[in-house]
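The block underneath contains the structure these notes are about, expressed in structure tokens.
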Amino acid sequence: MKLRIGITGQNGFIGYHVLQHLRLQPELYEIIPFEKEFFNTPQKLTDFVSKCDVIIHLAAMNRGDEQEIYDTNISLVKKLISAMDDAGVTPHILFSSSTQENKGNPYGNSKKIGAELFSQWSQSNNSVFTHYVIPNVFGPFSRPYYNTVVATFCYQLTHGEKPVIITNTEMNLIYVGDLVSDFFAHINDTKSSVVSPKPVTSINVSGLLYKLELFKEWYFDKGMIPNLQNSFEVNLFNTFRSFANDIMPIYPDLHSDPRGTFVEVIKERTGGQTSFSTTLPSITRGNHFHMRKIERFCVVKGKALIQTRKIGTDHVNEYMVSGNKPAFIDMPIFYAHNIKNIGEEELLTIFWTNEIFDPNDPDTFYEEV
């Protein structure tokens, strides 16, 4: 029987990533739709909680007037508890709290008290409560000037703005994909617990900005994949790329002489795998997405249509590319993509990815563009 899971705040940064992981396993999980308006309509909130075996409570206010932050976050918890009481249900609650909860600020206090309210309710109703104490979360599609300084710096560097360091504090960071994996590791727990996900790195603000400025220099100014030495840097680079307005074709220099033309397709400092494919006229390859891989396409012969779409959205980007004017097209993570031969001759495409293909962990998920 499928586990029925509801996510408050499912349209937010973390909620988006939880949702995409859930939808990859439809045989195990049923997603119970949630809209933020439910909190203002008691009957709709009661209907929502009555359908859930698990509720991942992510909805919260992070920025704004301090008293409003505190009141809003406490109110959301109380409304959920009231709805569960009205429905007579006791779902497993996974609550997204923060390491701020012991720092005495209004946001942290709202999380600390919210956790206490859920804990008291779960004890009184003999239900399961998982209290997550989470460090700073970064990842693709986070909201600048709201979620994290990582998002703000990435946005500024990809939009012609100059980042400014206000306080050079030390930060513990966790990648959103690792956090989601931690949620799934506890989603079937039968006992209440406090979970403190381990940060993937500790870095100060100036060190973070230095890495991101190097990414900008290598990737946007030089057209090269920077040196990515570990999974943190790969995840940070993918986060950085997610803030570009669009996938940008990069047209390399053509070095031509009487013999023909020489083109530098992949210039990278991070290893990986280069391959090529031939595609017959009218045939489409791809229709999948990746969650971690950095991937580059370059058509060197023939004519192709490349399509991309951010999963969970309807907008499709289209790029016409040709071997007569080779261009690099990089595929962001969480974007379904394909390539179709729209010419009359065989299509020849070179592909590069930053990791060697592993059939036991391909990081390739089917999704029609």
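In the stretch 268-369, which GluC sites (Glu not before Pro) are in a loop and have at most 15 other Cβ atoms within 10 Å, using DSSP for the loop call?
Sparse-neighbourhood loop GluC sites (Glu not before Pro): E344, E345, E346, E368.
What is the angle, in °, between the Cα long axis of helix 176-186 and the longest principal axis of the Cα atoms in the chain? Nearest 10 is fine, range 0 to 90.
Long axis of 176-186 versus the principal axis of the chain: about 50 degrees.
Which of the lysines could be linked to K211 by a straight reach, that is with a Cα gap under 17 Å, when you skip same-chain ones fewer than 8 residues away?
K162, K222
Could you let me know the centre-to-centre spacing of the stretch 78-115 and the stretch 307-323, using Cα atoms, in angstrom?
After rounding, the separation between the Cα centres reads 40 Å.
How much length is gained if the chain between D85 and E35 is pulled fully straight, taking 0.36 nm per residue apart and subtracting their Cα-Cα distance, in nm to one decimal?
The D85-E35 span can extend by a further 16.0 nm.
Any chance you could run the full-extension gain for S282 through Q43? It's 0.36 nm times the residue separation minus the Cα-Cα distance, nm to one decimal.
Once the chain is fully extended between S282 and Q43, it gains 80.9 nm.
What FRET efficiency comes out for the pair E27/Q67, r = Cβ-Cβ distance, R0 = 51 Å, nearest 0.05?
Given R0 = 51 Å and the Cβ-Cβ separation, E is 0.65.
Could you work out how much longer the chain between F357 and V316 gets when fully extended? Use 0.36 nm per residue separation minus the Cα distance between them, nm to one decimal.
12.1 nm
About the Cα centre, and with charges only on the beta carbon of Lys, Arg (+1) and Asp, Glu (-1), how big is the dipole of the chain? Nearest 20 debye, please.
In total the dipole reaches around 160 debye.
For the chain, I need the span (max minus min coordinate) of the C-alpha atoms along each principal axis, in Å, sorted largest to smallest.
Cα spread of the chain along its principal axes, largest to smallest: 82, 48, 34 Å.
According to a simple spin-label model (label point 7 Å from Cα along Cα-to-Cβ), what is the distance in nm between E217 and H186?
4.0 nm
How far is it, in nm, from the label point at R292 to the one at K2 when both lie 7 Å from their Cα along the line to the Cβ?
Inter-label distance under the simple model: 2.7 nm.
Please give the helix 66-87 orientation as an angle from the longest Cα principal axis of the chain, in degrees from 0 to 90, rounded to the nearest 10.
70 degrees
For the peptides 199-209, 26-36, what is the packing order when you average, over each peptide's residues, the other Cβ atoms within 10 Å and list the highest mean first?
Descending mean neighbour count gives 199-209, 26-36.
Ordered by residue, what ³J(HN,Hα) values in Hz, to whole numbers, does the stretch 213-229 give under the Karplus form 6.51 cos²θ - 1.76 cosθ + 1.60, where θ = phi - 60° and Gly and Pro are x?
Coupling constants for the stretch 213-229: 5, 5, 4, 4, 4, 6, 7, 8, 7, 10, x, 10, 7, x, 6, 10, 8 Hz.
Compare the Cα positions of G139, F232, I166 along the charge dipole of the chain (+1 at Cβ of Lys, Arg; -1 at Cβ of Asp, Glu; about the Cα centre) and return the one farthest towards the positive end.
The residue sitting farthest along the positive end of the dipole is I166.
May I ask for the distance between the Cα centers of the stretch 176-202 and the stretch 1-74, given as a whole number of Å?
17 Å
Since every read-out is calculated from the coordinates, none of them should be taken as a lab result. What you are looking at is a predicted structure, and each value in this text was computed from that prediction instead of being measured. Every residue, glycine as well, gets a Cβ built from its backbone with ideal geometry; the counts of neighbours run over all protein chains shown.
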